[in-house]
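The values are calculated or read from the model by the stated rules, or taken from the named source; none is laboratory data. Predicted model, so just to flag it, every value in this text is computed and none were measured. Quick reminder, even Gly has a Cβ in these numbers, built from the backbone with ideal geometry, and neighbours come from all protein chains shown. Ligands, DNA and RNA are excluded from the accessible area calculation, which covers all protein heavy atoms including side chains. Shrake-Rupley method; radii C 1.70, N 1.55, O 1.52, S 1.80 Å.
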Amino acid sequence: MTDKCTEVRDVLALEGKVPPAQNDASLREHLEGCVECASFLRSLSAVEAELGALPAADVEDDVVATLLSREELKGRTHARGSRHWAMGLAAAAVIGFVAVRVSVHDQPEEVFLADLKQPRREAEMAGLRNLPQESRAGDSIDLETENGRFRELDSLDSLADKDVALKFEDAPKKQDAQSVSPPGPASRAAAPQEGKETVRGLDERKGGFDMPVPPADEEFAVVVGGAVVATRDSFFASRMSPKLQRKRRSIEKLVHVDPVLPEGDRQATIRGTVGLQIQIDRAGNVIDARVSTSVPSLDQAAIDAVMLWKYAPAPGDVEDTRILDVLVEFDLDKQERKEYTALSFLEARRILEGLSFRQARGYWANTYIPGDPKVRFLAARLAHAQLTLSPHLLARPVAQPFDAPSRGALSVSIHADRRSLREPGRLLVQVGLKATTSHGRRRPPMNVGIVLDRDGGHALEMRALVEALQAMKAPGDRFRLILPGRGEVVPPDAFRHGPLTLALSQPSSGRLGSLVGAVRLAIEMVHAGDDPTMPLGTSLVLVATTRVIGSDMGALSQLAHQSAVGGVSLSAVGVGDNIDRAELERLALSGQGRRYFLEKSADANRIVDEELAATSRAVARALRLRIKLAEGVKLVNVLDSSPLSERQSERVREAEKSIDLRLARNLGIEADRGEDEDGIQIIIPSFYAGDVHTILLDVVAPGPGPIAEVTVRYKDLAALENTVTRASLALHGTMATEGPLERNVLKNYLALHLSRELEGAADLLDRGDQRGALARIEHLQSLWAGLPVTAFPGDREIARDIAMLTEYVTALKSSTTPSLVAYLADSLRYAGAGKRRPLPALS
Amino acid sequence: MEIEAVPELPEQWLVAHREGDSDAFGKLVQRYRRPVFGYLVRCSVPESDRDDLFQDIFIKIHQRADQYDEARPLHPWLFTVVANTVRSYFSKKKLRSFFVWEPAPEDVKDPAPDSEARASTKETAAWLERAIEALPMPQREVLVLATIERLPLKDIASILAMPVNTVKTHVRRARLRLVESYERRTRLNHDG
């Protein structure tokens, strides 16, 4: 297809036919000469004809009858008279005043307007005037000065959803702070005052409205949809030099909570604006709220919302509390229209209603799975495809700011997503584990049973695996090869090139189900050769499979567990792409081993090296993590984990005890386990050098005070001793601004969410639902797009996520071939995993 | 006795309704029931929610009748309400499925088409319905308004609050996709 073909098809597709008044003779000429484009036109005409012939869908008559009998349709529409009132209020809602007993004496008003020189941007969309009022998100706010200088406030574009223009008619006289009286409530303020600066709504269809603008040394806020979208400072900040910006004082709103509409009124179309005068203490907390403009049914909801707002603490020289007039607008239509924003997402985790709580004790599933990240497998496939399209390369886990252990193998930290708590509140508590990066011990001699399940083919890869083992065999190592249906084909003393080649050249048994038998045999043999004085982990069974294990999985995982409890760990290697990764993960977890994916022969050396070195890479074993919530703190969930059943708990305890005893026996670390403890318990069999792991808890705390305490007991393999590390979290009642640590908690939460959603989108692609996958990514994109303006201004990690999501949206919209869609599914999974832990480089 | 003539144009119905004519709104509903319901169907509003949404739309039109400027055509005004209601319906639905961190029910349908569905794809209308359903939402909105409602691109831009050029892009891409699936289907029919 030539460029001309593309051009011609674009024209045809836009019009749905050959454009009638097309002067472009070259188009017709091309159509006569190009068979493909002529065929395209035929198809297009057929599609158009079928579009025109689509049967009209109609609603049932009784639905229309029900509609016409509804109460809402009784009588006339809204009275026009009341509309002006409502509009005045709605318009007033756009502007709230902040009167602060702060003055900036050296700040002439000219400063604000001096830089506002750019010409007004023409409204991008024509014909807006006749649209219903609820219809336009993303309109800009324009600022007009008397001498014709206009400036589009681009920083507000993303937040403002009202077409409002502010007009500064007169530069105000500079006033002394003492003479500034706080402006009254909005209702009073709504009348224009002689000689004072006014803000005029230029929206003509609303008839316009005037409001006084506070003098330069006062501050005001713009409130849209109940949210302060800009203070006077942020209005002008982008136009001011940094020096001037520093001089300005800001009353930045840090926490905004949308008003919750009274339940009973949700069905009705609610419009109304409540004016409130709020008092803010020095720390920025709202300590009092009084209704100045009342809408009786909404007053309480407005008060409830603003009492949760929080502003920036007062600057040092402000001694008093600050008074602020704000308006809370209730507009159900607008709320509905508001695309699912970052704000609502971030607020959702603070919702207290309708929660159910879980027992904050017993054993919970361990989510730290060491070994080969499953992305290895995907990485190989992605690299193999050699496409330039690679959004997944933008996926990075959140950088964790945890301190490295100063002493011992592990450090533990505990933080929340807020720094203070005044009243009952829901918060995320994050427990972070970080291992020391140093280990560097030599690998001890290993006792390994290798089981190759070759029925699914992949002879080359299997051979590569065996050859790698042979090549890395060190003196003292005892390796043996076991094949399903054939037993031990190469004993330890014959683990050499010749016997191995011979054994592998013989055909596989072809008998399904014999894998369990082979694994059992391997475990027995390795166990028999296990020297209990050797470090734990030196005896292991390595199972490589090329196929889905299926119904044998239950028996295998039981075997793996028993083996691990007996001191022989079991690791799994998936070969090729006809395997079930979740199965292998389960198997490795039961066997306290690791799992790997061997995509191509070249991976074999790395896998074997990693597996054999794992024993020496572990810095801590038998980690017992106990998280005890303080009294009154209730657990909503441990994210990504789940409570273990009685049987699972029993297994975990057995495994812990076996490690405990074994290490006591051969490393002299005293056995100290066997007792259940209070609180949430998570057992992690091994923790490896350099690794970081986080656990997020969703809890509700009754107020300020202690929140949780975490204790980690572990066997320190460097110091050869039992070690206990503790950390605790308490929140005080005085409001404190959230800092980087709190944002880190939130980012881990977001990363977890992003990871799940990306993987979910990949699943949808696998099921052929490209539309669903796209919708999901677009959804994430719109949420993430809101994060920089709410909680993460200027955050590079978030910006990177947004770039990645944008690439996915573009790719999903344009990818049509099955192979490309499959590639995208891999890419999404890779990116999903990449949000949780560092990814291997794509080779 | 003088009998007032019943206005014939939908625009006049809405004005008459505003002026207190109790029958006018019913006429308006009758006039627009098919286009509105058709829009819900083409935009893949699940069957279970269509009737409710249909009613919601007309209630909104009723409530906002005052905002309508009779000097301008009714059709784009009315479809602005329709399109916005459908959009907010979908965004709320997304919101719900999002908070529970589970795929929305329609996401988990069996990917393998059953034999019945396979048979019906052979029918002309069915393949087209499916192809429209497979379009991304903005393309679908634009396509339905442009080809089924026959609205000018400028009006569609107003209705959907997008620049005209974006509308053009969507309509072009939508048609390209439909042609593509038409050709794929034709090939399949030829092959077997």
Notebook entry, point to check: Under 5 Å between amide H atoms, partner at least 5 residues away or on a different chain: which partners does A:A730 have, H built in plane at 1.01 Å?
Noted result: A:I707
Margin query: At a 10 angstrom cut-off on C-beta neighbours, averaged per residue, how do the peptides A:590-602, B:169-181, A:25-37 rank from highest to lowest?
Written below: A:590-602, B:169-181, A:25-37
Checklist line | Extension gain (nm, one decimal) between A:Y688 and A:R290, 0.36 nm per residue minus Cα-Cα | finding: 137.6 nm
Check: How far is it, in nm, from the label point at A:A365 to the one at A:E15 when both lie 7 Å from their Cα along the line to the Cβ?
Finding: 5.9 nm
Notebook entry, point to check: By how many nm would the segment from A:A385 to A:A528 grow when fully extended, if each residue of separation counts as 0.36 nm and the alpha-carbon distance is taken off?
Noted result: 46.9 nm
Next item on the list: Would you please put B:155-163, A:470-478 in order of how densely packed they are, using the mean number of other Cβ atoms within 10 angstrom per residue and starting with the highest?
Entry: B:155-163, A:470-478
Next item on the list: Would you please name the GluC sites (Glu not before Pro) within the range A:645-677 that are DSSP coil residues with at most 16 other C-beta atoms within 10 Å of their C-beta?
Entry: A:E670, A:E675, A:E677
Checklist line | Whole-number percent relative contact order across the range A:739-843, with pairs defined as alpha carbons under 8 Å at least 6 apart | finding: 39 percent
Next item on the list: Report, in debye and to the nearest 20, how large the dipole of the range A:447-615 comes out about its Cα centre when Lys and Arg carry +1 and Asp and Glu carry -1 on their Cβ.
Entry: 220 debye
Notebook entry, point to check: Peptide A:39-50: average number of partner chain Cβ atoms within 10 Å per residue?
Noted result: 5
Next item on the list: Can you check what the net charge comes to around A:S569, using other residues whose Cβ is under 13 Å from the Cβ of A:S569 (Lys, Arg +1; Asp, Glu -1)?
Entry: +2
Item checked: Check: the range A:726-811 dipole with +1 on Lys, Arg Cβ and -1 on Asp, Glu Cβ, in debye -> 200 debye
Check: Along the Cα-to-Cβ line of A:D640, 7 Å from the Cα, sits a label point; which residues in the range A:752-783 have backbone N less than 16 Å from it?
Finding: A:752-760
Next item on the list: Could you sort A:53-59, B:142-148 so that the peptide with the highest average Cβ count within 10 Å comes first and the rest follow in order?
Entry: B:142-148, A:53-59
Notebook entry, point to check: What average count of beta carbons from other chains do you get within 10 Å of the Cβ of residues in B:178-184?
Noted result: 6
Margin query: Could you give each residue of the range A:407-422 its phi-based ³J(HN,Hα) in whole Hz, using Karplus coefficients 6.51, -1.76, 1.60 with θ = phi - 60°, and x for Gly or Pro?
Written below: 9, x, 8, 9, 10, 10, 9, 9, 9, 10, 7, 9, 9, 8, 8, 9
Item checked: Modelled FRET efficiency - R0 45 Å, A:S819 with A:D320, Cβ distances, 0.05 increments -> 0.10
Check: So how far apart, in nm, are the two label points at A:A719 and A:D795 if each is 7 Å from Cα heading toward Cβ?
Finding: 3.5 nm
Notebook entry, point to check: In angstroms, what radius of gyration and Dmax does the range A:3-52 have, counting Cα atoms only?
Noted result: 10.3, 30
Notebook entry, point to check: Can you pick out the pairs among A:K600/A:K747; A:K4/B:K154; B:K92/B:K168; A:K310/A:K747; A:K628/A:K747; A:K835/B:K93 whose Cα atoms lie more than 30 Å from each other?
Noted result: A:K600/A:K747
Check: Applying 1/(1 + (r/R0)^6) with R0 = 25 Å to the Cβ-Cβ distance of A:K657 and A:D678, what FRET efficiency is obtained, to the nearest 0.05?
Finding: 0.85
Check: Under a 5 Å amide H to amide H cut-off, with H placed in plane at 1.01 Å, what residues pair with A:T273 once short-range neighbours are removed?
Finding: A:F330
Checklist line | Relative contact order (percent, whole number), the range A:3-52, Cα cutoff 8 Å, 6+ residue spacing | finding: 41 percent
Next item on the list: Let me know the shape class of the range A:447-615, please: from the alpha-carbon gyration tensor, a ≥ b ≥ c as square roots of the eigenvalues, rounded when a/c is under 1.5, otherwise prolate if a/b is greater than b/c, or oblate.
Entry: rounded
Next item on the list: Count, for each residue of A:766-775, the Cβ atoms from other chains sitting within 10 Å of its Cβ, then give me the mean as a whole number.
Entry: 5
Margin query: Between A:L355 and A:R419, what is the label-point separation in nm under the 7 Å Cα-to-beta-carbon projection?
Written below: 2.2 nm
Next item on the list: Provide the gained length on full extension for the span A:S551 to A:S45, in nm with one decimal, where the gain is 0.36 nm per separating residue minus the Cα-Cα distance.
Entry: 176.8 nm
Checklist line | Sequence of A:L276, A:L41 when ordered by accessible area, the most exposed leading, probe 1.4 angstrom | finding: A:L41, A:L276
